[in-house]
Amino acid sequence: MNDRFYMQMALDLAARGKGRTSPNPMVGAVIVKGDTVIASGYHRKAGTAHAEAAALKKAGSRAKGATLYVNLEPCCHTGKRTPPCTKAVIQAGIKEVVTAMIDPNPNVSGKGLYALRKAGIKTRSGVMKEEAQKLNEVFITHITRKRPFVILKIAQSIDGKIATAKGESKWITGPEARERVHTLRNEVDALLVGIGTVNADNPSLDCRTRGGRNPYRIIVDSRLQISLSSKVLTHDDGKTIIAATENADKNKLQTLARRGIRVLICRGKAGKVDLNRLMTELGKLDITSVMIEGGSSIAASALSQNIVDKVMFFTAPKIIGGVDAFPSIGGKSPASLKNAIKLKDMHTCYLGEDILIEGYTAY
């Protein structure tokens with residue numbers, strides 16, 4: 001019970017860094033001597049002190065003979081912005097290290113705990129492992145698959161419509177759901193929409209959460225049909241990316257380059273953007289998480305190309321009806337019901353009058 005209690009503390013601390021540590025994992029550390037917590041810390045932002053180092057600095061000489069609880073195996077490799085945590089743990093005189101999970105990074109994976117044992121420090125791993133993996137699902141995906149963790153977010157009526165036949169969609173869901181979406185924008189590295197959404201809604205794709213930061217903005221636009229006056233192109237932070245194909249307008253390509261807009265050529269079938277290739281390119285840029293925000297065509301493409309890891313359906317208690325209204329997922333239906341995309345680990349909660357339904361794809 002003590003192990004779980006202190007590890008939960010470490011996980012709660014780690015979660016405070018959500019949306020700030022990318023491309024690093026979220027990590028929390030708790031130093032315990034007897035039944036007393038003598039210090040704790042968490043990784044606040046990439047480039048700042050790791051959780052273990054922060055906690056050890058607070059503990060000072062009191063760390064000698066204590067137990068360190070940390071949700072991820074302490075790092076042992078050099079060549080990064082911060083020194084290896086194993087060295088600090090050994091120098092502090094920690095007697096035991098309890099971790100939730102092994103670091104999936106091949107530069108660390110098991111080597112950190114080995115270095116600690118070699119120095120005479122007792123180690124244990126696996127305490128609240130599943131909770132730790134869920135917390136750092138983005139980091140794990142990026143490290144092991146070299147691409148971002150992808151969330152498909154849909155705001156829909158209860159009958160699965162995202163807009164009326166005339167394209168009216170503001171606002172299907174209520175303020176609480178929209179607030180949650182902006183919180184998510186503050187937590188993910190990038191937002192992704194299709195050119196249809198840009199042309200129809202002219203969104204800024206920014207984060208309006210107080211104290212939040214704007215994510216990367218990714219527009220899937222195979223032929224570069226985007227208007228140069230679009231709001232999404234007015235940001236001057238270098239975080240707007242357009243995914244196109246070799247069919248893109250060459251003159252517009254040059255104009256966008258002069259304005260600091262990055263265009264990635266991701267040739268796919270039938271003149272469309274290859275979303276798997278796009279995810280690989282985004283992974284190379286250390287973009288670890290992407291939230292797809294519509295519309296129905298890009299949602300269908302993302303699901304059919306198997307890039308979606310998690311779905312989040314914000315569902316309003318409204319019935320729009322009509323075969324001419326826009327469905328949440330476009331494209332063609334499967335030839336058979338057995339080919340439908342199955343979901344797992346489903347969860348639901350209320351956000352005001354709306355219901356959030358979320359789950360993970362089981363491709």
Inset, instruction - Considering (1) touching a Pro at 6+ places or on another chain (Cβ under 9 Å); (2) surrounded by fewer than 18 Cβ atoms within 10 Å (Cβ to Cβ); (3) among the charged types (D, E, K, R), say which one Lys239 fails and leave the rest. - result: (2)
Legend entry - Residues of segment 213-231 that turn out to be open to solvent by less than 30 Å² (accessible area, probe 1.4 Å) and touching an Asp or Glu at 6+ places or on another chain (Cβ under 9 Å), as a count: 3
Inset, instruction - Residue by residue through segment 328-363, note down the ones that are in a loop (DSSP other than H, G, I, E, B), of a type outside the set (A, V, I, L, M, F, W, C) and within 19 Å of Gln305 (Cβ to Cβ). - result: Ser328, Gly330, Gly331, Lys332, Ser333, Pro334, Lys342, Tyr363
Legend entry - When residues of segment 170-194 are limited to those that are touching a helix residue (DSSP H, G or I) at 6+ places or on another chain (Cβ under 9 Å) and without any contact (Cβ under 8 Å) to a residue 60 or more places away in the chain, the one surrounded by the most Cβ atoms within 10 Å (Cβ to Cβ): Trp171
Legend entry - Residues of segment 4-24 satisfying the condition of being open to solvent by 40 Å² or more (accessible area, probe 1.4 Å) and over 15 Å from the mean Cα position of the chain (by Cα): Arg4, Phe5, Gln8, Met9, Asp12
Inset, instruction - Specify the residue that is farthest from Gly211 (Cα to Cα); the eligible residues are those in segment 25-44 that are open to solvent by 40 Å² or more (accessible area, probe 1.4 Å) and touching a Ser or Thr at 6+ places or on another chain (Cβ under 9 Å). - result: Lys33
Inset, instruction - Determine whether Phe314 is surrounded by 14 or more Cβ atoms within 10 Å (Cβ to Cβ), under 30 Å from Gly283 (Cα atoms) and of a type in the set (Phe, Trp, Tyr). - result: yes
Inset, instruction - Sort through Glu187, Glu179 and tell me the only one that's under 16 Å from the mean Cα position of the chain (by Cα) and acidic (Asp, Glu). - result: Glu187
Legend entry - Those residues of segment 282-300 which are of a type in the set (Asp, Glu) and either crowded, with 18+ Cβ neighbours inside 10 Å or closer than 18 Å to Leu224 by Cα (or both), in sequence order: Glu293
Inset, instruction - State the number of residues belonging to segment 94-104 that are open to solvent by less than 30 Å² (accessible area, probe 1.4 Å) and over 18 Å from Leu135 (Cβ atoms). - result: 3
Legend entry - The one condition in (1) under 28 Å from Ile242 (Cα atoms); (2) open to solvent by 90 Å² or more (accessible area, probe 1.4 Å); (3) modelled with pLDDT of 95 or more; (4) basic (Lys, Arg) that Arg258 fails to fulfil: (3)
Inset, instruction - Scan segment 205-232 for residues that are out of contact with any helix residue (DSSP H, G or I) (no Cβ under 7 Å at 6 or more places or on another chain), modelled with pLDDT of 90 or more and closer than 18 Å to Arg185 by Cβ and jot them down. - result: Tyr216, Ile218, Lys231
Inset, instruction - Determine whether Thr245 is open to solvent by less than 30 Å² (accessible area, probe 1.4 Å), farther than 24 Å from Thr315 by Cα and touching a Leu at 6+ places or on another chain (Cβ under 7 Å). - result: no
Inset, instruction - Starting from residues that are more than 11 Å from the chain's Cα centre (by Cα) and among the acidic types (Asp, Glu), keep the ones in segment 129-151 and report whichever is least open to solvent (accessible area, probe 1.4 Å). - result: Glu131
Inset, instruction - Working carefully through the options Arg258, Arg223, find the one that is among the basic types (Lys, Arg) and free of Cβ contacts under 8 Å to residues at least 12 places away in the same chain. - result: Arg258
Inset, instruction - Assess whether Leu68 counts as being at pLDDT 90 or above, surrounded by 21 or more Cβ atoms within 10 Å (Cβ to Cβ) and under 19 Å from Lys33 (Cα atoms). - result: yes
Inset, instruction - Would you be able to say whether some residue in segment 313-327 is more than 29 Å from Lys170 (Cα to Cα), in a loop (DSSP other than H, G, I, E, B) and β-branched (Val, Ile, Thr)? - result: no
Inset, instruction - Please work out which one of (1) modelled with pLDDT of 90 or more; (2) open to solvent by 50 Å² or more (accessible area, probe 1.4 Å); (3) not hydrophobic (A, V, I, L, M, F, W, C) is the condition Asn199 fails and give its number. - result: (1)
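The values are calculated or read from the model by the stated rules, or taken from the named source; none is laboratory data. The shown structure was predicted, so the numbers you read here are calculated from the model rather than taken from an experiment. Quick reminder, even Gly has a Cβ in these numbers, built from the backbone with ideal geometry, and neighbours come from all protein chains shown. The accessibility values were calculated without ligands, DNA or RNA, using every heavy atom of the protein model including side chains. Shrake-Rupley method; radii C 1.70, N 1.55, O 1.52, S 1.80 Å.
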